[in-house]
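One structure is given below, encoded as structure tokens.
The values are calculated or read from the model by the stated rules, or taken from the named source; none is laboratory data. Just so it is clear, the structure is predicted and the values come from calculations on it, not from any experiment. Please note: Cβ atoms are built from the backbone with ideal geometry, for glycine as well, and neighbour counts cover all protein chains shown.
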Amino acid sequence: MAVSEEDGWGAQAKCLTADPEELFVEGAAQNRAKALCTGCPVRTQCLAHALDNRIEHGIWGGMTERERRALLRRRPLVTSWKRLLQTAQTEHERSTPTGLNGKDSQTRAS
């Protein structure tokens, strides 16, 4: 993965030690490559980087190049995916109660 030092998130990527050839595959192998992104702590930053820089090849942030192109076509007015995705992630974290592990608040209160 080619990420500039100023971004900083690349050092935390789950795929950092993966064989790059595994991330630049076609067909059904893309699903295996996307699975590597599951649980990655910097998945959102990785996707934003790929979208903002219009990276055309490989799996980035759990999306294939085809999925990223479709997203870019659906949202042509987005000028900063980094800002959009950071805002969405912050809102999600703010609206998700901590410590629930998928259980609703009534279960916790019991």
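Assess whether Arg73 counts as being modelled with pLDDT of 95 or more and surrounded by 10 or more Cβ atoms within 10 Å (Cβ to Cβ). Here the answer is no, as Arg73 does not meet what is asked. If you go through the range 5-17 and keep only what is more than 16 Å from the chain's Cα centre (by Cα) and either closer than 16 Å to Thr44 by Cα or at pLDDT 90 or above (or both), you end up with just Thr17. In the range 44-52 there is no residue that is over 16 Å from Gln89 (Cβ atoms) and out of contact with any strand residue (DSSP E or B) (no Cβ under 8 Å at 6 or more places or on another chain). For the condition part of a loop (DSSP other than H, G, I, E, B) and under 15 Å from the mean Cα position of the chain (by Cα), Arg83 does not qualify.
Does Ala50 satisfy being surrounded by 12 or more Cβ atoms within 10 Å (Cβ to Cβ) and touching a Gly at 6+ places or on another chain (Cβ under 7 Å)?
Judged against the criteria, Ala50 is a match.
For the range 36-45, the criterion of a residue being exposed (fewer than 12 other Cβ atoms within 10 Å of the Cβ) and among the hydroxyl-bearing types (Ser, Thr, Tyr) is satisfied by at least one position.
Please determine whether any residue of the range 66-76 is among the aliphatic types (A, V, I, L, M), under 22 Å from Ala11 (Cα atoms) and free of Cβ contacts under 8 Å to residues at least 60 places away in the same chain. Checked the range 66-76: no residue is among the aliphatic types (A, V, I, L, M), under 22 Å from Ala11 (Cα atoms) and free of Cβ contacts under 8 Å to residues at least 60 places away in the same chain.
For the range 12-29, the count of residues that are part of a helix (DSSP H, G or I), touching a Ser or Thr at 6+ places or on another chain (Cβ under 7 Å), at negative phi and surrounded by 11 or more Cβ atoms within 10 Å (Cβ to Cβ) is zero. Among the residues making up the range 63-80, those that are of a type outside the set (Lys, Arg) and in a helix (DSSP H, G or I) are Glu65, Glu67, Ala70, Leu71, Leu72.
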